[in-house]
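The values are calculated or read from the model by the stated rules, or taken from the named source; none is laboratory data. Computed from a prediction, not measured in an experiment: that's the story for all the values here. Glycine gets a Cβ as well: all are built from the backbone with ideal geometry, and neighbour counts include every protein chain shown.
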């Protein structure tokens, strides 16, 4: 993905808060969400805009770690805005929505998003999910993660499979083992336990695998593993 700016990895930015851009056309959502997030010293809301176009313009001059993106907005919806934002800056975009289904989740990831947060989940869950997204954790229930991977790889041809196999050969044994478990839809704690390593070590393997393969999020990694036919069974 070509970008004009590369965002610093928020997981390594221990000396500053996670910088969040909030995008929602409803002020009755924007203002409470911004207030909840700003109450936490680990989080800084650097902007709050009311449209996808405004989000694209905003990120041209800032480096948000997380973009919370409403999906239903006039003119440019959240899916298209996600694509446009990621052309401008390498960041993590998390959908902010009132309801979700598999098709919507699939569209979010196809656009380059990293997961979703439900508006009705409450302030504690909201903060937890934003911080988890900043750490690079999956913001998606395992049942949806696996379903998205299966849907995305269902139409893959033999050429795509051979390409996926060749790309995975770039990984070390540990990185490849981590990638395989990501494809099952497992969370960080579950994957770390299966590998008999700490979560921090597991995250290091995951980050190295995605960097070597030029991938933006763990869902893309899971799809690549599935195309190669290397997803563990059971």
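Things worth noting here:
- Here residue 123 clears all of (1) at pLDDT 90 or above; (2) outside the structural domain of residue 65 (by TED's automatic domain parsing) except the condition numbered (2).
- Note on the range 177-204: residues that are part of a helix (DSSP H, G or I), in contact (Cβ under 8 Å) with a residue 40 or more places away in the chain and touching a helix residue (DSSP H, G or I) at 6+ places or on another chain (Cβ under 6 Å) total 5.
Listed here are the residues, each with its yes/no results for (1) surrounded by 17 or more Cβ atoms within 10 Å (Cβ to Cβ); (2) more than 23 Å from residue 215 (Cα to Cα).
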| site | (1), (2) |
| --- | --- |
| 59 | yes, no |
| 68 | yes, no |
| 74 | no, yes |
| 80 | no, no |
| 90 | yes, no |
| 94 | yes, no |
| 115 | yes, no |
| 118 | no, yes |
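- The one condition from (1) outside any helix (DSSP H, G or I); (2) more than 25 Å from residue 215 (Cβ to Cβ) that residue 63 does not meet is (2).
- Being surrounded by fewer than 21 Cβ atoms within 10 Å (Cβ to Cβ), without any contact (Cβ under 8 Å) to a residue 24 or more places away in the chain, out of contact with any helix residue (DSSP H, G or I) (no Cβ under 6 Å at 6 or more places or on another chain) and closer than 29 Å to residue 21 by Cβ is not true of residue 131.
- Applying the condition of being buried (at least 22 other Cβ atoms within 10 Å of the Cβ) and not in a loop (DSSP other than H, G, I, E, B) to the range 96-113 and asking which residue is nearest to the chain's Cα centre (by Cα) yields 109.
- Number of positions in the range 128-176 that are within 30 Å of residue 100 (Cα to Cα), modelled with pLDDT of 90 or more and not in a helix (DSSP H, G or I): 0
- Filter result for residue 55 (part of a helix (DSSP H, G or I) and either in the same structural domain as residue 215 (by TED's automatic domain parsing) or within 22 Å of residue 32 (Cα to Cα) (or both)): yes
- Matching residues, the range 19-44, being touching a strand residue (DSSP E or B) at 6+ places or on another chain (Cβ under 8 Å), touching a residue at least 24 places away in the same chain (Cβ under 8 Å), farther than 16 Å from residue 73 by Cα and assigned to a helix (DSSP H, G or I): 33, 37
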